[in-house]
C-alpha cells in the first residue's frame, strides 16, 4: 500500500508503506533475494538492511570458503552460516536479516536449526514445499515465509501448517516465471509466449490466503518476486495488493554484492538474447546467462567428479552437472565454466552502484508513480 500524500518539485506522490511482519517493520518494502552460492552474504545483506529493506543471506553451500569444506561439508556450512548471521548483525545491528534455504537441500533441517539458534529474523524457503518449517521454529521469534508460484501452492502450505501446527505464514513470497534460480514452472511453460503473468498469480495468492488471515486474525503480507527491476514495477505490484517486492538480479551489480567482480560484469555485459533456460539438478528449470558452461550442457552432461551431497533430488550418475561446483566456480569469478543464475532482466544492468543509491532510486521512482 501507499500512505501519506506528499509532493516533490510540485509533483504529487505517495509514500511507500513499510513492510510489516508482526513485530518486524521494514521501512522500505523491498526484500533483497537470496542468490546462488555466496552471491548474497553479510556485505550485501547488511547494506540492504541498513537502508531499511530486508537483507537475505543465501544459505546454499554457504561454507564454500571454509578450509574443510571439501572434507567436512555439513559442519563447514553450519559454521559459515553462523558466522554470516553474526557478521550481518554486527554490520547492521538494527536491520532485518533473513536467510533463504532450499527445501531440496540435504542439510535443510540442520541449517534451519543453526539459523534459529542464531536468532535470525526471517527464514524464506522455496525449491519445494516447506511443510515442516513451523515445527523447526516453534517457540522462537523467527518469522517464516514460503515461496510459492501459484494460489494452489499457497493454499496447500497454509492448510498443512494450520492442521499440523496451528500457525499461518508470517509472509508469503510469490515468485513468477521471470525469476532466476529454481523456478516453480515447467520448462514448457517458461518457453511459452506470453509467460504466466505474475500479476494474476499474485492476486490468486492474496485471495487464497484470506481465510487464514481471518482465522488467525493476522495480516499475511504477500510479496511479489521475479522480473521486478524498477520503481515502476514496484508501484504496479503494490497497487495490485502486494505488501512489497523481492528483488535479486538488481542487487548483483552493486559494490556491496559478495560475488566476484567477474560475476557482476557478466550481468553488465549480458545481452537480452544471452538469458536462457537450463535444467537444474534440483528438479526445476532455472534461468542463466549463456556461457561456455551452458554451451557444453547443450551437447552432453558434464561429468560429476565429486559429489557434495547437497541436493536430495540429485543423483551423480544421472545428473546433468554438479550444481555446487558450477555455482561456486561462478561466484569465485570463473564465469566461463560456472553457472550464472539470473532473472530475465540482467541485460538491463549497465553499471555498478552502491546499495544506498540503488535503494533511493527505487523508492523515488515508486513513490513518484
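Where a number appears in this text, it was derived from the coordinates with a stated rule and is not lab data. These numbers were taken from a predicted model, which means no experiment stands behind them. As a convention, Cβ positions derive from the backbone with ideal geometry for all residues, glycine included, and neighbour counts pool all protein chains shown.
Arrange 188, 236, 337 by Cβ neighbour counts within 10 Å, fewest through most, would you?
Neighbour counts put them in this order, fewest first: 188, 337, 236.
Name all residues of the range 335-364 having a backbone nitrogen under 18 Å from the label point set 7 Å from the Cα of residue 305 along its Cα→Cβ direction, giving them as ranges.
335-339
With r as the distance between the Cβ atoms of residue 357 and residue 279 and R0 = 41 Å, compute the FRET efficiency 1/(1 + (r/R0)^6) and round to 0.05. It would help to have the intermediate numbers written out before the result.
Working: r = 37 Å, r/R0 = 0.90.
My answer for the efficiency is 0.65.
For every helix of n ≥ 4 consecutive DSSP H residues, a contribution of -39,500 (n - 2.57) applies; sum these over the chain, divide by its total residues, and give [θ] at 222 nm rounded to the nearest 500 deg cm²/dmol.
Values: 13 runs with 134 residues, N = 369.
Taken over the chain, the calculation gives -11000 deg cm²/dmol.
Let me test this: with uniform point scatterers at the alpha carbons of the chain, what is the Debye-based log₁₀ I(q)/I(0) at q = 0.10, 0.12, 0.13, 0.14 1/Å?
The calculated log intensity ratios at q = 0.10, 0.12, 0.13, 0.14 Å⁻¹ are -0.57, -0.85, -1.01, -1.20.
Grab the Cα-Cα distance for residue 210 and residue 164, subtract it from 0.36 nm times how many residues apart they are, and report the gain in nm with one decimal.
Going from the current span to full extension adds 14.7 nm.
Using a Gaussian network for the chain with springs between C-alpha atoms less than 10 Å apart, which of these wobbles most: 202, 327, 240?
Greatest mean-square fluctuation among the candidates belongs to 240.
List the relative contact order of the chain as a percent without decimals, with contacts defined as Cα pairs under 8 Å and 6+ residues apart.
RCO, the chain: 18 percent.
What spacing in nm lies between the two simple spin-label points modelled at residue 365 and residue 138, each 7 Å away from Cα in the Cβ direction?
According to this spin-label approximation, the distance is 4.4 nm.
Remind me, relative contact order of the range 147-252 in percent, using alpha carbon pairs under 8 angstrom and six or more residues apart?
Relative contact order of the range 147-252: 30 percent.
Using a 7 Å offset from the Cα along the Cα-to-Cβ direction at both residue 27 and residue 272, what is the distance between the two label points in nm, to one decimal?
3.7
Pick out which of 192, 94, 83 has the largest mean-square fluctuation in a Gaussian network model of the chain, springs linking Cα atoms closer than 10 Å.
192
Work out Dmax and Rg for the range 262-331 from the C-alpha atoms and quote the Rg first, both in angstrom.
12.5, 35
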